[in-house]
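Asks: Structure incoming, see below.
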Amino acid sequence: MMDNEVLEFDIGLGGGGEGEYDDDGGDIEHPMDEDELGDSSGGGGVGDGGVTAGIYLPEGDLSDLEPCEGMEFESEEAAKAFYNSYARRVGFSTRVSSSRRSRRDGAIIQRQFVCAKEGFRNLNEKRTKDREIKRPRTITRVGCKASLSVKMQDSGKWVVSGFVREHNHELVPPDQVHCLRSHRQISGAAKTLIDTLQAAGMGPRRIMSALIKEYGGISKVGFTEVDCRNYMRNNRQRSLEGDIQLVLDYLRQMHAENPNFFYAVQGDEDQSINNVFWADPKARMNYTFFGDTVTFDTTYRSNRYRLPFAPFTGVNHHGQPVLFGCAFLINESEASFVWLFKTWLMAMSGRPPVSITTDHDSVIRSAIIEVFPETRHRFCKWHIFKKCQEKLSHIFLKYPNFEAEFHKCVNLTESIEEFESCWSTLVDKYDLRDHEWLQAIYSSCRHWVPVYLRDTFFAEMSITQRSDSMNSYFDGYINASTNLNQFFKLYEKALESRNEKEVRADYDTMNTLPVLRTPSPMEKQASELYTRKIFMRFQEELVGTLTFMASKADDDGEVITYNVAKFGEEHKGYYVKFNVLEMKATCSCQMFEFSGLLCRHVLAVFRVTNVLTLPSHYILKRWTRNAKSNVILEDHSCDVYTYYLESHTVRYNTLRHEAFKFVDEGAQSTETYDVAMDALQEAARRVSQAMQNEGRIPISNGKLRSHVVNDESHANYTSACQEECFSQHTSKDDLDTNIRKLLNELECANRKCEIYRSNLLSVLKAVEDHKLELSVKVENIKISMKDGI
């Protein structure tokens, strides 16, 4: 080695935390002892759990790069850069261990650079023993003694005063050196390329792929994807400092114009800003009508900063996406999501949704469990399918049928057992049982596979079709090239477009009549209650009943179980449990629980049991044309005919249910048969007598004909009946006759009251419809005026 020759190295050295070093004289600094952050090597046989036996020496001819005592450097930085360059060639990472300062002026006069595996982690430090560590880092220090010590001379030069060459752990091979922390550096040229690709909307993973291709391998890039991600985050943060003020100015202006405009900022508005949330008055009002199910979408990357724009959306009564609020997420930590969800919940009056759909993300899931413990959480199935195409691209190319089989396994299985069996067969067939990503999504299948989720309301009309609300509200307006200057103009255009589509759907529902495809009173009833799109979906199910047969499978006295299947496909049947007395039915397909509309299987059972109209508890207001009305109408009493059909159906089914039980018991023997026949004859005589005595309201053309009763004549009639009642003989027969007359009169009065009540509700409904029609016209006039301007 060249004695006393000054070596100049101007390259930088990435420092780590500092350890301990002692010497005589001067003040010794003992910096905080930390393992290397971001050191992801772990390869090349590096022992992380303890000291590896034996001494490991650098191999090869390194005489022109190996340090030795007496070497001189122009500066401390030059010595540090030299040792780091040597470490890169040999295969280890370095850090600064300790320093010594002059007592005269406090200047550093001695430094020690060590192998990153020097010393041991102190697990009893104050900063760790009093708090819980959620994700403890792996142990990387194994007590390695390799080091380089330098001292400053009176001439200002730095000279090597000590060098330990031997390591007690394996060294990292050349193809893994780029993973070591002190050797991970982003060059100026790489920074320029990252900036250009980031501005084009590319993410860290795609940028790293481009860099690897450009430089000819990951080892030649000189840094990892983590470093690229951190650089992009810091770059984005610097760029945002000015432009984020545009967002705040807009939100302050909107709040000043309307105090019901809600916005919140995490952090200090005048200093560091983490996340921003806002919800306009219309979004908050929409949530009161349609807030039963929510989609939170973080897949938008709306601008050149790749700043996640995250809207909260739902589904309105036309099946259209509707907005519940928006957020800009500068920080995507769990704490940030917790803050965001709590803030959104406060803006929505503290009422959590029944269900929420998000991207497949463990951080978001943890936040939802904390803020919405009672809400059913679902991962977006279509995002998982999209990711599947990326993770299993080699399988898709090699096996063209795999995609169809995968979709069939997820979407078309009817039970949990069938899904699990189908999945097991699929992964074995294509040798994917050890595929890490596939096993990860299978472990969370309860949160995205439909068969596990059908018992919860998600407002989706079909399990196999993608929900319009997911990742679609701002499609066509906001994309990767949108900057913050353009954002709010495009945001407002998207809102105007969605509002116009809702107004058009309201107009079509109120002013056009659907084509009825059956003579069923239920279809007519649904056409008058549901919005146009929802009615068309219900009509599909109703017409679909014509291809199904419902046969009784079991009867326990209260609930009848039907097997509903297409002719010749009884093995593919669905089971419907029907409680006749309560008029409640549940189907094994669980379509009503999932979408809020009755399936064709339940409707087929209604057909064979003479249920002619929809029971009121199967009509969700959120799907009706009155979904946004504050007037609560009892839909089953909206017209007299519907009320008559429903009550008649209840009586008919109850009698038939009891009669079947009577017949089964009466046919057991000759004796029970004779008793049953006598009872039936007696029952027939009494029913005939009751019909003769009953005062009925006439029915004409299937409609109830109401009679206008003069109040004075009715009062006179009632008084005369009372006088006649008390003047008659008090014999038992006379008393029975009078009681029957009074009961008939009471029933007649109750029916008339029901008619008046129904008429009043019909008037209220007509008023509400008229108000809605007027609002539609006003909105159309506003739109035409805007177009004219």
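The values are calculated or read from the model by the stated rules, or taken from the named source; none is laboratory data. The structure presented is a predicted model; accordingly, all values stated were derived computationally and were not measured. Please note: Cβ atoms are built from the backbone with ideal geometry, for glycine as well, and neighbour counts cover all protein chains shown. The accessibility values were calculated without ligands, DNA or RNA, using every heavy atom of the protein model including side chains. Shrake-Rupley method; radii C 1.70, N 1.55, O 1.52, S 1.80 Å.
Asks: Exactly one of (1) in a helix (DSSP H, G or I); (2) at positive phi; (3) not hydrophobic (A, V, I, L, M, F, W, C) is unmet by residue 386. Its number?
Replies: For residue 386, the failing item is (2).
Asks: Can you confirm whether residue 467 is modelled with pLDDT under 90, out of contact with any Cys (no Cβ under 8 Å at 6 or more places or on another chain) and surrounded by 15 or more Cβ atoms within 10 Å (Cβ to Cβ)?
Replies: So residue 467 fits the description; yes.
Asks: Limited to the range 527-553, what total is found for residues that are under 26 Å from residue 573 (Cα atoms), open to solvent by less than 50 Å² (accessible area, probe 1.4 Å) and part of a helix (DSSP H, G or I)?
Replies: Going through the range 527-553 one residue at a time, the tally reaches 10.
Asks: In the range 563-573, is there at least one residue being in contact (Cβ under 8 Å) with a residue 60 or more places away in the chain, in a helix (DSSP H, G or I), closer than 26 Å to residue 453 by Cα and charged (D, E, K, R)?
Replies: No: the range 563-573 contains no residue that is in contact (Cβ under 8 Å) with a residue 60 or more places away in the chain, in a helix (DSSP H, G or I), closer than 26 Å to residue 453 by Cα and charged (D, E, K, R).
Asks: Now for a separate question. Check whether at least one residue in the range 361-368 is among the β-branched types (Val, Ile, Thr), more than 30 Å from residue 276 (Cα to Cα), in a helix (DSSP H, G or I) and modelled with pLDDT under 95, and report yes or no.
Replies: No; the residues of the range 361-368 include none that is among the β-branched types (Val, Ile, Thr), more than 30 Å from residue 276 (Cα to Cα), in a helix (DSSP H, G or I) and modelled with pLDDT under 95.
Asks: Can you report the number of residues in the range 544-592 which are of a type in the set (Phe, Trp, Tyr) and either out of contact with any helix residue (DSSP H, G or I) (no Cβ under 8 Å at 6 or more places or on another chain) or over 15 Å from residue 609 (Cα atoms) (or both)?
Replies: Selection size over the range 544-592: 4.
Asks: So, restricting to helices (runs of 4 or more DSSP H) that lie completely within the range 586-675, which ones have at least 3 residues that are surrounded by 13 or more Cβ atoms within 10 Å (Cβ to Cβ), of a type in the set (Val, Ile, Thr) and at pLDDT 80 or above?
Replies: Qualifying helices (runs of 4 or more DSSP H): 600-608.
Asks: Something else about it: So if I check each of 370, 334, which one is surrounded by 15 or more Cβ atoms within 10 Å (Cβ to Cβ) and more than 24 Å from residue 472 (Cβ to Cβ)?
Replies: Residue meeting the stated conditions: 334.
Asks: Are there any pairs with C-beta distances below 8 angstrom linking a residue in the range 428-445 that is part of a helix (DSSP H, G or I) to a residue that is hydroxyl-bearing (Ser, Thr, Tyr), with the two at least 6 apart or on different chains, and if so which?
Replies: Here the result reads 445/452, each pair linking the range 428-445 to a residue that is hydroxyl-bearing (Ser, Thr, Tyr).
Asks: Consider the range 87-113. How many of its residues are crowded, with 19+ Cβ neighbours inside 10 Å and either in a loop (DSSP other than H, G, I, E, B) or hydroxyl-bearing (Ser, Thr, Tyr) (or both)?
Replies: 7
Asks: Related question: For the range 318-340, what are the residues that are in a strand (DSSP E or B) and at pLDDT below 90?
Replies: 328, 329
Asks: Considering the range 389-414 alone, what residues qualify as being within 22 Å of residue 574 (Cα to Cα), without any contact (Cβ under 8 Å) to a residue 40 or more places away in the chain and outside any helix (DSSP H, G or I)?
Replies: Once the filter is applied, which keeps residues that are within 22 Å of residue 574 (Cα to Cα), without any contact (Cβ under 8 Å) to a residue 40 or more places away in the chain and outside any helix (DSSP H, G or I), the range 389-414 yields only 413.
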